[in-house]
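J.: There's a structure below that I have some questions on.
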Amino acid sequence: MRLKIVAGNWKMNNTINEAQTLIIKTLQQSPKIGANQLTIFAVPFPFLYTASNFVKEKSQFAVAAQNCSSYAKGAFTGEVSATMLASLGIPFCLVGHSERRTIFNENAEVLIEKMKQLLKNRIRPIWCCGENLEQRNTNAHFEVIAAQLKAELFTLDKEEFKNVIIAYEPIWAIGTGLTASATQAQEMHQFIRNEIAINYDLEVANQTTILYGGSCNAENAKELFSLADVDGGLIGGASLQPESFVKLISSMHELH
Ligand code: 13P
């Protein structure tokens, strides 16, 4: 069975005190989920060490970084390497979130290097893709996602690819309150899985965890998480309050 994940992407939010409270309350209030389910806190760099200590020996929780350097080490002031993340025991890292692509101009070349650095350090990339509103409105969304897959993910060989988690996050749904409909989410997730089957094989495609992100909240999560090819969510705003994040975790728990 595929790994099901509810991941909170805090983005650039919270102080250390707020971070601790959010993690403690989430740990206290979460239901006991199954062995094929995981809750991830994707926290800013300064909180990684503390967050990791909170989830230590709690198998249903893990911590992710939100970014890493495309370089291995050296004179790169302000950068954080995958090796540093690995030395903290961080098992996951987001790569290619649309905010990194659009605000920080990260392109395919840089994102491939980041994935290589992570994989070399045995950290699983959570690779994000998604089309913007204009691309959706002109019916170019499948083409856009196919191109992102081909230019970035499918440069990995099969053994490397098996470590990747995918997050489909339509840009028009991020932070807007507009969510992809069940039909839109399912057809895109199915499309991505099919592309994986064509590029690698059916077994790999069936094992790949594909998350949905974009205004996913306690109200709409159950419908989205119940879709055949949606294996959970990458949650922004609704992961910042323990009440709503725990509801999202519970929605997944009740379905699987
Ligand atoms: P929102 O849930 O706030 O729309 O953000 C989604 C997102 O970007 C998660 O990575």
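The values are calculated or read from the model by the stated rules, or taken from the named source; none is laboratory data. All values reported here derive from a predicted model rather than from experimental measurement. Glycine also receives a Cβ, built like all others from the backbone with ideal geometry; neighbour counts cover every protein chain displayed.
J.: What about Thr102, is it surrounded by fewer than 19 Cβ atoms within 10 Å (Cβ to Cβ), at pLDDT 95 or above and more than 16 Å from the ligand (Cβ to nearest atom)?
T.: So Thr102 does not fit the description; no.
J.: Can you find, within the range 224-256, the residue that is surrounded by the most Cβ atoms within 10 Å (Cβ to Cβ) among those that are in a helix (DSSP H, G or I) and touching a Gly at 6+ places or on another chain (Cβ under 7 Å)?
T.: Ser239
J.: Can you run down the residue pairs with Cβ atoms below 7 Å, 6 or more apart or on separate chains, where the first is in the range 211-235 and farther than 12 Å from Leu255 by Cβ and the partner is of a type in the set (Lys, Arg) and modelled with pLDDT of 95 or more?
T.: If the second residue must be of a type in the set (Lys, Arg) and modelled with pLDDT of 95 or more, the pairs left are Ala218/Lys247; Asp229/Arg193.
J.: Go over the candidates Ala140, Ala147, Ala218 one by one and state the one that is on the phi < 0 side of the Ramachandran plot and at pLDDT below 95.
T.: Within the list Ala140, Ala147, Ala218, the selection yields Ala218.
J.: For the range 1-91, which fully contained helices (runs of 4 or more DSSP H) count at least 1 residues that are buried (at least 21 other Cβ atoms within 10 Å of the Cβ) and more than 18 Å from the chain's Cα centre (by Cα)? Spell out the reasoning first.
T.: Numbers: elements: 16-29, 48-55, 82-87.
By residue number, 16-29.
J.: If you check every pair at least six apart or on different chains, which have Cβ atoms under 7 Å apart with a residue in the range 171-195 that is more than 18 Å from Leu153 (Cβ to Cβ) first and a residue that is more than 16 Å from the ligand (Cβ to nearest atom) second?
T.: The qualifying pairs are Ala182/Leu227; Ala185/Leu227; Gln186/Leu227; Gln186/Ala228; Gln186/Asp229.
J.: If I ask for residues that are within 13 Å of the ligand (Cβ to nearest atom) and more than 20 Å from Val6 (Cα to Cα), which ones from the range 155-186 would you list?
T.: Trp172
J.: Conditions first: (1) part of a loop (DSSP other than H, G, I, E, B); (2) over 22 Å from Ile235 (Cβ atoms); (3) not aliphatic (A, V, I, L, M). Glu106 passes all but one, so which condition is the exception?
T.: Status for Glu106: all satisfied but (2).
J.: Only one residue in Leu133, Leu149, Leu94 is buried (at least 23 other Cβ atoms within 10 Å of the Cβ), closer than 30 Å to Leu178 by Cα and not polar (S, T, N, Q). Which one?
T.: Sole residue among the options that is buried (at least 23 other Cβ atoms within 10 Å of the Cβ), closer than 30 Å to Leu178 by Cα and not polar (S, T, N, Q): Leu94.
J.: Of these, Val95, Val55, which one is in contact with a Pro (Cβ under 7 Å, 6 or more places away or on another chain) and either closer than 21 Å to Gln148 by Cβ or away from the ligand (no atom under 16 Å from the Cβ) (or both)?
T.: Of Val95, Val55, the one residue that is in contact with a Pro (Cβ under 7 Å, 6 or more places away or on another chain) and either closer than 21 Å to Gln148 by Cβ or away from the ligand (no atom under 16 Å from the Cβ) (or both) is Val95.
J.: Looking only at the range 154-205, filter to residues that are of a type in the set (Ser, Thr, Tyr) and not in a helix (DSSP H, G or I); which one of those is farthest from Arg100 (Cα to Cα)?
T.: Top of the filtered list is Tyr200.
J.: Take Gln207 and tell me if it is surrounded by fewer than 16 Cβ atoms within 10 Å (Cβ to Cβ) and either among the basic types (Lys, Arg) or more than 11 Å from the ligand (Cβ to nearest atom) (or both).
T.: Answer is yes for this residue.
J.: For the range 123-153, name all the residues that are more than 26 Å from Leu202 (Cβ to Cβ) and either part of a loop (DSSP other than H, G, I, E, B) or in contact (Cβ under 8 Å) with a residue 60 or more places away in the chain (or both).
T.: Filtering the range 123-153 for residues more than 26 Å from Leu202 (Cβ to Cβ) gives 123, 132-140.
Result: Ile123, Asn132, Thr138, Asn139, Ala140.
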